[in-house]
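Right, one structure below, let's go through it.
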Amino acid sequence: MRKFIALGLVYAIVQILIMTNLISGYFQATLVTIGINIILAVSLNLITGFTGQFSLGHAGFMSVGAYVCAIVTMRMPTIPGFILGVVLGAVAAAILGFLVGLPTLRLRGDYLAIATLGMSEIIRIIFLNLEITNGAAGLIGIPQFINWTWLFIFTVGIVLLLSNFVKSAHGRACISIREDEIAAESMGVDTIRYKVIAFIIGAACAGIAGAIYASYFYYLEPNLFGFLKSVDVLVIVVLGGLGSLSGSMLAAILLALISTYLQSFPEIRMVLYSLILIVIMIFRPQGLMGSREISLSVFSKLGNNKLWDRFKSQKGGH
Amino acid sequence: MLEIRNMDVHYGMIHALKDVSFEVHRGEIVVLIGANGAGKTTTLRTISGLQRPTNGQVILNGVDITNVSAQERVKMGISHVPEGRRVFPGMTVLENLELGAYLRRDRDGILEDLEMVYERFPILRDRRKQTAGTLSGGEQQMLAIGRALMSRPEILFLDEPSMGLAPILVQEIFDIIQSINKSGTTILLVEQNANMALQVADRAYVMETGSIVLSGTGSELMSSDEIKKAYLGG
Ligand SMILES: Nc1ncnc2c1ncn2[C@@H]1O[C@H](COP(=O)(O)OP(=O)(O)OP(=O)(O)O)[C@@H](O)[C@H]1O
Ligand SMILES: [Mg+2]
């Protein structure tokens, strides 16, 4: 209950600040970027941090969601059209996640990373050459539907969904694959199924992040979704901690604030940014959160392990 | 209870198992011994469904399970302690044990078996909140066996459980294997430590480069000259 009160408070405070013009348009854009990066990072964390599948394809999934949502809302510039665009974008990205997930299942580690990177580049090239995406010039004038309310709904919704997923028996199965795939298989975990599921869910969420991007920044071009975009997301995940959703959120917020602050030093911005990353990784090589979650945070302690609880109460009864 | 008929396994061009046939009866301890690369691990992996045979059949309790998935085989009562222990290093001991019961839905039965595993391996109860990666080699082996027992198997496969353990621990592991067998679990054991293995074996098979070359009761093989020369150090 407490977590919902806390979430409601966060929403209300920011909403009031926006309505009273205490949050500038520039800072609102930063908020949207943070929301998008949180969604991208937690969903890549499901694939890479929890299930252990090294993926460099997140920009590809994101771009599919972005373009599908943009194309739909440009033809149907209404709220139902926007919702349809987000849903179709997520579905299209999920289908791609499924297609990528299947053949790459035989690949491990570096090979999987290269395959997903290749997929992402192929998609970018396709978008560069399609008529409906307007090629390299990109799409401009995408109707803007994303505001703080929608952003909050999507971000919190996805984080809660993934948080419940990773704490369920399904999540355990995914983690067991990361920990030791052969042992997981011996225990009867359907490793192929869970790897594909991780890719499907991760890709769908990235698609939603792309849809939010398209619908807020009203401009899309294929080169926004290059290799570096995937690396950016990976940096957030590694920095926050592989296997920690709260770590991903913390890192997404921290990095957005750092780069906003660094805008004041345009010449050495990227150098400072890189230096900060290096310093953090030296002192926290396991990431800010390791694989732990912030225990009092609103996002943790959602799924509860009934078996564990029963075990504890049984032990207490002795 | 378990029967392997004319099984062949290929890894690409490598012919790892050649026309392997053998059987395990209910309640037995059957041992597979053989040199490095003989195909012992491959045999276990194929029976538990982790590796596809190119030819032959696996029969469990009269049912042909050759095309049944690894998950289904766990449900049918096969449990496999893989070579090299392979605990989940970042998970706690308790989480490892819970994953052993991954396919089960009977909460009370699972708790019962958890208690049974703790009874058999008291050290695991003491370490239940410790991550498995920080356990000693012997403790990890006990965890791997305990985890495999959590699926309440009819037949338990053990792939070189004594590997890398001090002699006193090897003795303990073999005692545990015998006691698991006494409480009704059939055991198929792969070992390099032929001496110890043949002592506990009801029957044993000797593998060489992908084929079974010799079989007999544990004591028969222990007194065989060939075995003495090749595996028992003279
Ligand atoms: N995944 C694989 N790919 C290719 N060849 C393999 C694979 N696994 C095993 N082999 C080959 O198959 C043969 C049998 O290997 P296996 O692991 O079954 O032997 P083993 O009897 O268990 O040996 P050890 O006692 O050393 O564990 C070996 O020649 C090995 O090189
Ligand atoms: Mg082996």
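The values are calculated or read from the model by the stated rules, or taken from the named source; none is laboratory data. Please read these numbers as outputs of a predicted model, since none were measured by experiment. Ideal geometry is used to build each Cβ from the backbone, glycine not excepted, and the neighbour counts take in all protein chains shown.
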(request) For the range A:27-81, enumerate the residues that are touching a Lys or Arg at 6+ places or on another chain (Cβ under 6 Å) and surrounded by fewer than 24 Cβ atoms within 10 Å (Cβ to Cβ). (result) A:52
(message) Of the residues A:182, A:208, A:212, only one is outside any loop (DSSP other than H, G, I, E, B) and surrounded by fewer than 24 Cβ atoms within 10 Å (Cβ to Cβ); which?
(response) A:182
(request) Scan the range B:193-216 for residues that are modelled with pLDDT of 90 or more, surrounded by fewer than 18 Cβ atoms within 10 Å (Cβ to Cβ) and either among the polar types (S, T, N, Q) or within 12 Å of ligand 1 (Cβ to nearest atom) (or both) and jot them down. (result) B:199, B:208, B:209, B:211, B:215
(message) Given the options A:96, A:56, A:44, name the one that is touching a helix residue (DSSP H, G or I) at 6+ places or on another chain (Cβ under 8 Å), among the aliphatic types (A, V, I, L, M) and not in a helix (DSSP H, G or I).
(response) A:56
(request) Hey, could you check the range A:105-156 for residues that are outside any loop (DSSP other than H, G, I, E, B) and of a type in the set (Asp, Glu) and say which is modelled with the lowest pLDDT? (result) A:110
(request) Within the range B:217-231, count every residue that is of a type outside the set (Ser, Thr, Tyr) and surrounded by 16 or more Cβ atoms within 10 Å (Cβ to Cβ). (result) 5
(message) Exactly one of these conditions fails for residue B:37: (1) at positive phi; (2) surrounded by fewer than 16 Cβ atoms within 10 Å (Cβ to Cβ); (3) away from ligand 2 (no atom under 16 Å from the Cβ). Give me its number.
(response) (3)
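For the range B:1-87, which fully contained strands (runs of 3 or more DSSP E) count at least 1 residues that are among the small types (Gly, Ala, Ser)? Before you say what the answer is, go through the steps one by one.
Details: elements: B:2-11, B:14-24, B:29-34, B:55-60, B:78-81.
Those strands (runs of 3 or more DSSP E) span B:14-24, B:29-34, B:55-60, B:78-81.
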(request) Answer with yes or no whether residue B:74 is on the phi < 0 side of the Ramachandran plot and either within 16 Å of ligand 1 (Cβ to nearest atom) or in contact (Cβ under 8 Å) with a residue 60 or more places away in the chain (or both). (result) yes
(request) Could you please find all residues in the range B:61-83 being facing chain A (nearest Cβ under 10 Å), surrounded by fewer than 16 Cβ atoms within 10 Å (Cβ to Cβ) and not charged (D, E, K, R)? (result) B:69
(message) Need pairs with beta-carbon distance below 6 Å; first residue in a helix (DSSP H, G or I) and within the range B:173-191, second within 16 Å of ligand 2 (Cβ to nearest atom) and not aromatic (Phe, Trp, Tyr); sequence gap 6+ or separate chains.
(response) B:173/B:161; B:173/B:162
(request) Output yes when any residue across the range B:148-170 is of a type in the set (Gly, Ala, Ser) and within 19 Å of residue B:37 (Cβ to Cβ), and no when none is. (result) yes
(request) Only residues that are more than 16 Å from ligand 2 (Cβ to nearest atom) and either closer than 19 Å to residue B:187 by Cβ or buried (at least 22 other Cβ atoms within 10 Å of the Cβ) (or both): list them for the range B:8-29, please. (result) B:22, B:23, B:24, B:25, B:26, B:27, B:28, B:29
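Looking at the range B:175-188, is at least one residue within 16 Å of ligand 1 (Cβ to nearest atom), within 23 Å of residue B:47 (Cα to Cα), at pLDDT 90 or above and buried (at least 17 other Cβ atoms within 10 Å of the Cβ)?
Going residue by residue through the range B:175-188, those that are within 16 Å of ligand 1 (Cβ to nearest atom) are B:188.
Now narrow it down to the ones that are within 23 Å of residue B:47 (Cα to Cα): B:188.
Now drop any that are not at pLDDT 90 or above, which leaves B:188.
If we keep only those that are buried (at least 17 other Cβ atoms within 10 Å of the Cβ) too, we end up with B:188.
Looking through the range B:175-188, at least one residue is within 16 Å of ligand 1 (Cβ to nearest atom), within 23 Å of residue B:47 (Cα to Cα), at pLDDT 90 or above and buried (at least 17 other Cβ atoms within 10 Å of the Cβ).
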(message) Can you find a residue that is within 16 Å of ligand 2 (Cβ to nearest atom) and either touching a residue at least 40 places away in the same chain (Cβ under 8 Å) or within 13 Å of chain A (Cβ to nearest Cβ) (or both) anywhere in the range B:144-153?
(response) yes
(request) Of all residues in the range A:165-179, count the ones that are part of a helix (DSSP H, G or I), more than 16 Å from residue A:53 (Cα to Cα) and more than 8 Å from chain B (Cβ to nearest Cβ). (result) 2
(request) Kindly indicate which of B:124, B:111, B:94 is part of a helix (DSSP H, G or I), more than 15 Å from the chain's Cα centre (by Cα), facing another protein chain (nearest Cβ under 9 Å) and buried (at least 17 other Cβ atoms within 10 Å of the Cβ). (result) B:94
(request) Among the numbered conditions (1) more than 14 Å from every other protein chain (Cβ to nearest Cβ); (2) within 13 Å of ligand 1 (Cβ to nearest atom); (3) crowded, with 18+ Cβ neighbours inside 10 Å, tell me where residue B:44 comes up short. (result) (1)
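Rundown of residues vs (1) surrounded by fewer than 19 Cβ atoms within 10 Å (Cβ to Cβ); (2) within 14 Å of another protein chain (Cβ to nearest Cβ); (3) more than 22 Å from residue A:57 (Cβ to Cβ), yes/no style:
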position: A:100; (1), (2), (3): no, no, no
position: A:112; (1), (2), (3): no, no, no
position: A:137; (1), (2), (3): yes, no, yes
position: A:163; (1), (2), (3): no, no, yes
position: A:187; (1), (2), (3): no, yes, yes
position: A:191; (1), (2), (3): no, yes, no
position: A:204; (1), (2), (3): no, no, no
(message) Pairs please, first residue from the range B:160-171 and under 26 Å from residue B:42 (Cβ atoms) and within 15 Å of ligand 1 (Cβ to nearest atom), second anywhere and outside any loop (DSSP other than H, G, I, E, B) and small (Gly, Ala, Ser), Cβ atoms under 7 Å, 6+ apart in sequence or on different chains.
(response) B:164/B:137
